[in-house]
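See below for the structure under consideration.
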């Protein structure tokens, strides 16, 4: 399976007064990529179950600036628990491939009333197909 990539152009709303992306916007972009990924590949989301972030981390390598196009590539992998999985995000500037940031989230599925669910079989198959190549 080809990696899922969400492209985003930096707008004035994303930046500080110097035209550099404000750090929290990277998290919003990753959340946007996660939701678009789920809309495309996760059957029943958000009508039957929800995906919740329980842990995350971000590393920043270079600033993104106004009008740059940023590619956000998404990968999945398993954790050591039957209820969670990892989602990894690689953010790169399209013009030169420069890595801007990396971000990961530990996610779990819940029912609409908040009950934690075991990873659905469809999610297990999807994670197998979207694991990072070593």
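The values are calculated or read from the model by the stated rules, or taken from the named source; none is laboratory data. Since the model is a prediction, treat every value here as computed from it, not as a measurement. FYI the Cβ positions are ideal-geometry reconstructions off the backbone, even for glycines, and counts take in every protein chain you see.
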Which of the residues belonging to the stretch 99-134 are farther than 30 Å from residue 20 by Cα, under 15 Å from the mean Cα position of the chain (by Cα) and modelled with pLDDT of 90 or more? 108
Index of the failed condition, residue 88 passing every other in (1) farther than 21 Å from residue 115 by Cβ; (2) more than 16 Å from the chain's Cα centre (by Cα): (2)
Only one residue in 77, 90, 57, 96 is over 24 Å from residue 11 (Cβ atoms) and modelled with pLDDT of 95 or more. Which one? 57
Tell me, which strands (runs of 3 or more DSSP E) lie completely within the stretch 1-114 with 2 or more residues that are surrounded by 14 or more Cβ atoms within 10 Å (Cβ to Cβ), touching a strand residue (DSSP E or B) at 6+ places or on another chain (Cβ under 9 Å) and free of Cβ contacts under 8 Å to residues at least 12 places away in the same chain? none
